[in-house]
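*Asks:* I'd like to ask some things about the structure below.
The values are calculated or read from the model by the stated rules, or taken from the named source; none is laboratory data. On a predicted model such as this, the values are computed, not experimentally measured, just so you know. All Cβ positions, glycine included, derive from the backbone under ideal geometry; neighbour counts span all protein chains shown.
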Amino acid sequence: MPMRSIVVPGSVVDEKGYSGDNTVKAERGIVSTRLGVSAFHGRKVSVIPHSGPYKPRKGDFVLGVVVGYKRNGWDVDLGTASKAFLPASEAGIGRRFDPRRDELNKILRIGDVISAKIIQASRLRYPLLTMKERNLHKITDGVFRKVTVAKIPRIIGKKGSMLKVLKDSGFIQEILVGQNGVIGIIRPKESYDKVEAALDLIVEKTYARGLTEGVAEILKA
Amino acid sequence: MPRKKFARPDGRKADEIRPLSMRIGVIKNADGSAEIRLGGNWIIAAVYGPKEHHPRFKVSQERAIVNCRYHMVPYSVPERKSPRPSRREGEISMVIREALAPALILEEFPESGIDIFIEVLQAEGSTRVTSINVAALALAEAGLPMRDLVSACAAGKYQDHIVVDVGEIEDKQGQADLPVALMPNLNQITLLQMDGHLTHDELKEALDVAIGGARHIHEMQTEALKGAIQKMRTLEST
């Protein structure tokens, strides 16, 4: 199997095989369309991108900001090109939304930060959201930062190992990681800046070996 | 044949490119950014998007819209340049956009816009091709899907000799100037302009020289991009 290597747009990842994510098949072979690192699964050749925009997918857990009202729901900014829509019926108020009785701004107001799940996404339509699950709600206390979507798997770590290190540091109550690249540090204690420094390290040294240990060191210092 | 021995104003050989260096990720707030120094040129490019595009009537249901702004800062040239966008900057913005757009796979992001901002901090000839080189790096760092990188180089005619990478004096006193941008792996030209007079054979030679220069720059662009990722692979700070 070929070695993992750094590829740039237009460079040949492998001469033969099937085209996987972020590659196209050409006469020269499987060609990368993104800057990143090559990956091989059997005969499938793909590229793990270094950065890039978020593409909404069904089932993604996301963090977003309410930015507008529609007559039957809210516009939510996920940091994508088009705003997502949260229908009032999906707001999770525990009963049916009744437009004669209920008012949108009594449930969510502009500027509120919410955690939600994507129930529908396609290339041409805006994504649809739901909050009708136990862990999806309005977030009232937290610090937020944005990172490139490509870094999210590293922030979570293998089987959540990195998240566990961050949570166990004791500086924060919880850390929420939206697939759209928004990270919520929930109920931070006074000296949570070490968590920020740890996140900085993950973003800067994404592909380094022993990153989890490096992060643990920062949190201990 | 000219009798006097041929010499370029800065003492370069006819097929020699000015000293070149590139840096990736210079602007934290941008989705992708890069800096390039080519001789006396110093240019920064930043890419934002894909994001909601305004005005809405220009939005396409089929692909993302690319906007490009090439701008020279007032202190980039010996005599103060008015900061207001000039006719020349409008034209160069357009040709840069049209040189870069064929490399981007825009169909993946319908109903959105991609903004490219290019600031020339210091100018010394061939700024349009240098801008294309740095903007291509910024687009790659932004993680936008691309068919190929775009590399560009200018050739020119100075004292009856075809030279590569035209400098300031060669541009002003030379007989012709031929900026070329290409997608090196696909072997496709995305920009070809000419200013001045060249014979048919000279044009062919100048085109070959410019493409050779662009291929050399492409190697360095690849190195710069790979270096940016390589830095993320070691824990030691650099």
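*Asks:* Please pick out the residue among A:PRO87, A:PRO99, A:PRO56 that is on the phi < 0 side of the Ramachandran plot and crowded, with 21+ Cβ neighbours inside 10 Å.
*Replies:* Working: A:PRO87 fails: crowded, with 21+ Cβ neighbours inside 10 Å; A:PRO99 fails: crowded, with 21+ Cβ neighbours inside 10 Å.
Result: A:PRO56 is the single residue among A:PRO87, A:PRO99, A:PRO56 that is on the phi < 0 side of the Ramachandran plot and crowded, with 21+ Cβ neighbours inside 10 Å.
*Asks:* Next question, about the same structure. In the stretch A:51-70, is there at least one residue being in contact with a helix residue (DSSP H, G or I) (Cβ under 9 Å, 6 or more places away or on another chain), free of Cβ contacts under 8 Å to residues at least 40 places away in the same chain, more than 10 Å from chain B (Cβ to nearest Cβ) and not acidic (Asp, Glu)?
*Replies:* yes
*Asks:* Using beta carbons and a limit of 9 Å, which pairs, at least six apart or on different chains, have the first residue in the stretch B:175-186 and among the polar types (S, T, N, Q) and the second one surrounded by fewer than 20 Cβ atoms within 10 Å (Cβ to Cβ)?
*Replies:* B:GLN175/B:GLN159; B:GLN175/B:ASP160; B:GLN175/B:GLY196; B:GLN175/B:HIS197; B:ASN185/A:VAL12; B:ASN185/A:ALA26; B:ASN185/A:ARG28; B:ASN185/B:ARG147
*Asks:* I need a count of the residues in the stretch A:40-66 that are farther than 20 Å from A:VAL203 by Cα and either polar (S, T, N, Q) or more than 19 Å from the chain's Cα centre (by Cα) (or both).
*Replies:* So the answer is 7.
*Asks:* Taking the stretch B:187-218 only, how many residues are within 14 Å of chain A (Cβ to nearest Cβ) and crowded, with 16+ Cβ neighbours inside 10 Å?
*Replies:* Step one: list which residues in the stretch B:187-218 are within 14 Å of chain A (Cβ to nearest Cβ), which gives B:187-188, B:190, B:214-215, B:217-218.
Adding the requirement that they be crowded, with 16+ Cβ neighbours inside 10 Å leaves B:190, B:214, B:217-218.
Residues meeting the conditions: 4.
*Asks:* Additional query: Select from the stretch B:189-238 the residues that are in contact with a Pro (Cβ under 8 Å, 6 or more places away or on another chain) and part of a helix (DSSP H, G or I) and list them in ascending order.
*Replies:* Once the filter is applied, which keeps residues that are in contact with a Pro (Cβ under 8 Å, 6 or more places away or on another chain) and part of a helix (DSSP H, G or I), the stretch B:189-238 yields B:ALA210, B:ALA214, B:ARG215, B:HIS218.
*Asks:* Turning to a different aspect of this structure: When both residues are 6+ apart or on different chains and their Cβ atoms are under 8 Å apart, which pairs have a first residue that lies in the stretch A:1-20 and is away from chain B (no Cβ under 14 Å), and a second that is polar (S, T, N, Q) and surrounded by 11 or more Cβ atoms within 10 Å (Cβ to Cβ)?
*Replies:* Hits for this filter: A:PRO2/A:SER38; A:ASP14/A:SER38.
*Asks:* For the stretch B:163-209, how many residues are at positive phi and in contact with a Gly (Cβ under 6 Å, 6 or more places away or on another chain)?
*Replies:* Going through the stretch B:163-209, the residues at positive phi turn out to be B:165, B:187, B:196.
Checking which are in contact with a Gly (Cβ under 6 Å, 6 or more places away or on another chain) leaves us with B:165.
Of the residues in that region, 1 qualify.
*Asks:* Taking B:GLU170 as the residue in question, decide whether it is more than 9 Å from chain A (Cβ to nearest Cβ), under 22 Å from B:ARG88 (Cα atoms), charged (D, E, K, R) and out of contact with any Asp or Glu (no Cβ under 7 Å at 6 or more places or on another chain). Break it down into steps so the answer makes sense when it comes.
*Replies:* Values: more than 9 Å from chain A (Cβ to nearest Cβ): yes; under 22 Å from B:ARG88 (Cα atoms): yes; charged (D, E, K, R): yes; out of contact with any Asp or Glu (no Cβ under 7 Å at 6 or more places or on another chain): yes.
Spelling it out, B:GLU170 is indeed more than 9 Å from chain A (Cβ to nearest Cβ), under 22 Å from B:ARG88 (Cα atoms), charged (D, E, K, R) and out of contact with any Asp or Glu (no Cβ under 7 Å at 6 or more places or on another chain).
*Asks:* For B:ILE118, are the conditions met, namely being among the β-branched types (Val, Ile, Thr), closer than 26 Å to B:GLU79 by Cα and not in a strand (DSSP E or B)?
*Replies:* Values: among the β-branched types (Val, Ile, Thr): yes; closer than 26 Å to B:GLU79 by Cα: yes; not in a strand (DSSP E or B): no.
Spelling it out, it is not the case that B:ILE118 is among the β-branched types (Val, Ile, Thr), closer than 26 Å to B:GLU79 by Cα and not in a strand (DSSP E or B).
*Asks:* Hey, could you check the stretch B:99-124 for residues that are farther than 16 Å from B:GLU141 by Cα, more than 9 Å from every other protein chain (Cβ to nearest Cβ) and in contact with a Ser or Thr (Cβ under 7 Å, 6 or more places away or on another chain) and say which is surrounded by the most Cβ atoms within 10 Å (Cβ to Cβ)?
*Replies:* Ranking the candidates gives B:ALA99 first.
*Asks:* Quick one: is B:ARG37 away from chain A (no Cβ under 14 Å) and charged (D, E, K, R)? Before you say what the answer is, go through the steps one by one.
*Replies:* Values: away from chain A (no Cβ under 14 Å): yes; charged (D, E, K, R): yes.
Judged against the criteria, B:ARG37 is a match.
*Asks:* I would also like to ask the following. Return yes or no: is B:LEU149 within 14 Å of B:VAL66 (Cβ to Cβ), at pLDDT 95 or above and within 14 Å of chain A (Cβ to nearest Cβ)?
*Replies:* Details: within 14 Å of B:VAL66 (Cβ to Cβ): no; at pLDDT 95 or above: yes; within 14 Å of chain A (Cβ to nearest Cβ): yes.
Answer is no for this residue.
*Asks:* Still on this model: Pairs please, first residue from the stretch A:157-176 and more than 12 Å from A:THR212 (Cβ to Cβ), second anywhere and assigned to a helix (DSSP H, G or I) and among the β-branched types (Val, Ile, Thr), Cβ atoms under 6 Å, 6+ apart in sequence or on different chains.
*Replies:* A:PHE171/A:VAL195; A:ILE172/A:VAL195
*Asks:* Of all residues being more than 11 Å from chain A (Cβ to nearest Cβ) and among the charged types (D, E, K, R) in the stretch B:47-61, which is nearest to B:ILE132 (Cα to Cα)? Just the residue, please.
*Replies:* Looking at residues that are more than 11 Å from chain A (Cβ to nearest Cβ) and among the charged types (D, E, K, R), I get B:LYS58.
*Asks:* Could you check B:GLN221 against (1) more than 14 Å from chain A (Cβ to nearest Cβ); (2) crowded, with 23+ Cβ neighbours inside 10 Å and say which number it fails?
*Replies:* (1)
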